[in-house]
């Protein structure tokens, strides 16, 4: 059997990211439930306990077999795992009233094998509410944050290490070295690569599909395109059929560009359909983001059946191919203890029913975005596809926030006061917007009204510090934005929301704004530097009828974490001026929140 490191998944948004990072080092990993029998982990060369959404002090804890900690193996606890190991060995964990989300600075207290080739002070990435407030007697503190958080511990006799922060995310500056130090402590020699993934997947997919054929939804994006290419390699074009659907939620001119690109690749097994009217009808009058996603996912399945019937093909002979990635599954609560952050269209009930009956094939379901790009490159796909900005199946529909017009926001006044107390000496003006956006704090889904900062310095470091401090200290805030410009000069007027749904008119308005923003990135060579630029349409304005826009450019490697992008102010000035020239747009904001505590999108 191949040597491996076991990762115990307590439902963290990052459990499989830990696994992936270890694989990038060149060591195979396997995911286990924390309730696994200790004998099933006896062959593991090391064990990692992931984070998770639960508190170790709550009554509803993930089941954990504590005998695993008795195994004579190197053990590493991360976030929730850090707290669980500390508590198991007699330490104290408390909610101090202040969480930590995003960047923190780590200071060394004592030596540790994990600190080999690590420089201090060191930037790490936090996402937690509880903290270890008393170190177990058998452990010593090896590092603290600037705020005094006991951020790293080690057992005095055994190779057991714990970290409050997340070394697996790229935002922990030397996290890969820390994980490699743990791998070295495990004495592993096995190798793992994306080349071996392709080889193994080709065999696995051929066996999984058997005598069936596969109908694959294609969006033109990297995920579905790479999945389609891998399935074609494994099964051959005769057993594959690609379907591109114009669902009415595409970017400006995008459908024509996508079909041209596929034709240039030489695919003869792709068809297209314009089913936009069905999708627009499905979301008509809908406000709840979860329901909107679910209806879009259900409509995709209905259109699958409609398409096969048009071709007189038997539905039972065809499996559904999807470009699902692991973040989609995790954020939809797809593992035993995971929190639902947002429902993905490829994880609605209709898809789950097909999954349970064995009628879905997902070649990339264990991968993350950067790994998918590696696979695409190895399969010979062009850069125009491999490096295309992510664009999910629901498209622009999930960037159009909706309102019935009778919503209430009782938290706004309290949040405003808490943020005012947080900002030092009135550093800038602020307001709380009458909308809500989704976030992820401590591996849990949050839904809250964003805070907008006004009249601030043009200093990205300063803005980042304010956003981090506000989201850390004010529990009801998961997102902070900056007001960039407005067509109204009335500083005393309040922002109000108005009745608005996901209609063709609003989608066309967003299409034009999104087009201008994307062209700016392309013109100035920023498409690689910026992982994704979302443009969000808000039914919010001071005049009560126009719309506001939020620019949400992010820098990320794997979707699981991200930092907001720092675009040159001169470029932003030109872009904002252009966006405010669009009839119906009153105000432009800029999202200055990392993930966590915010997600990429707002729905």
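Annotations
- The set of residues in the range 397-438 being under 17 Å from residue 590 (Cβ atoms) and either crowded, with 21+ Cβ neighbours inside 10 Å or out of contact with any strand residue (DSSP E or B) (no Cβ under 7 Å at 6 or more places or on another chain) (or both) consists of 399, 401, 430, 432, 433, 435, 437.
- Considering residues of the range 298-329 that are closer than 30 Å to residue 80 by Cα and touching a helix residue (DSSP H, G or I) at 6+ places or on another chain (Cβ under 7 Å) only, the residue modelled with the lowest pLDDT: 329
- No other residue among 435, 419, 440 is touching a residue at least 40 places away in the same chain (Cβ under 8 Å) and in a strand (DSSP E or B) apart from 440.
- One residue alone among 507, 463 is touching a helix residue (DSSP H, G or I) at 6+ places or on another chain (Cβ under 7 Å) and either over 21 Å from residue 405 (Cβ atoms) or not assigned by TED's automatic domain parsing to the domain that holds residue 128 (or both), and that residue is 507.
- Candidate set from the range 499-518 (those that are touching a strand residue (DSSP E or B) at 6+ places or on another chain (Cβ under 7 Å) and assigned to a loop (DSSP other than H, G, I, E, B)); member that is farthest from residue 574 (Cα to Cα): 499
- The set of residues in the range 185-214 being outside any helix (DSSP H, G or I) and either in contact (Cβ under 8 Å) with a residue 24 or more places away in the chain or in contact with a helix residue (DSSP H, G or I) (Cβ under 6 Å, 6 or more places away or on another chain) (or both) consists of 187, 188, 189, 190, 191, 192, 193, 212, 213, 214.
- Any chance residue 49 is crowded, with 16+ Cβ neighbours inside 10 Å and either under 19 Å from residue 144 (Cβ atoms) or not assigned by TED's automatic domain parsing to the domain that holds residue 140 (or both): no
- Looking only at the range 52-63, and only at residues there that are crowded, with 16+ Cβ neighbours inside 10 Å and either in contact with a strand residue (DSSP E or B) (Cβ under 6 Å, 6 or more places away or on another chain) or without any contact (Cβ under 8 Å) to a residue 40 or more places away in the chain (or both), the one that is nearest to residue 166 (Cα to Cα): 53
- The lone criterion from (1) in contact with a strand residue (DSSP E or B) (Cβ under 9 Å, 6 or more places away or on another chain); (2) part of a loop (DSSP other than H, G, I, E, B) left unmet by residue 490 is number (1).
Quick grid of which residues meet (1) under 23 Å from residue 516 (Cβ atoms); (2) outside the structural domain of residue 518 (by TED's automatic domain parsing); (3) out of contact with any strand residue (DSSP E or B) (no Cβ under 8 Å at 6 or more places or on another chain); (4) part of a loop (DSSP other than H, G, I, E, B):
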residue: 216; (1), (2), (3), (4): no, yes, no, no
residue: 229; (1), (2), (3), (4): no, yes, yes, no
residue: 232; (1), (2), (3), (4): no, yes, no, no
residue: 241; (1), (2), (3), (4): no, yes, no, no
residue: 245; (1), (2), (3), (4): no, yes, no, no
residue: 248; (1), (2), (3), (4): yes, yes, yes, yes
residue: 261; (1), (2), (3), (4): yes, yes, yes, no
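- Selection within the range 152-184 - within 24 Å of the chain's Cα centre (by Cα) and part of a strand (DSSP E or B): 163
- Considering residues of the range 220-240 that are within 29 Å of the chain's Cα centre (by Cα) and within 10 Å of residue 321 (Cα to Cα) only, the residue surrounded by the most Cβ atoms within 10 Å (Cβ to Cβ): 227
- Hey, residue 521 in the same structural domain as residue 461 (by TED's automatic domain parsing), farther than 19 Å from residue 454 by Cα and out of contact with any helix residue (DSSP H, G or I) (no Cβ under 8 Å at 6 or more places or on another chain) or not: yes
- Every listed requirement among (1) buried (at least 18 other Cβ atoms within 10 Å of the Cβ); (2) outside any helix (DSSP H, G or I) is met by residue 280 save one, (2).
- Looking across 482, 521, 453, one residue alone is in contact with a strand residue (DSSP E or B) (Cβ under 7 Å, 6 or more places away or on another chain) and farther than 20 Å from residue 555 by Cα. It is 453.
- Number of the exception - residue 346 against (1) modelled with pLDDT of 85 or more; (2) crowded, with 16+ Cβ neighbours inside 10 Å; (3) within 17 Å of residue 225 (Cα to Cα): (1)
- Flag not set for residue 290, criterion: in a helix (DSSP H, G or I), at pLDDT 90 or above, in the same structural domain as residue 241 (by TED's automatic domain parsing) and surrounded by fewer than 21 Cβ atoms within 10 Å (Cβ to Cβ).
The values are calculated or read from the model by the stated rules, or taken from the named source; none is laboratory data. What you see is a predicted model, and the numbers here were worked out from it, not measured in a lab. Neighbour counts are summed over all protein chains in view; Cβ atoms, including those assigned to glycine, are modelled from backbone coordinates with ideal geometry.
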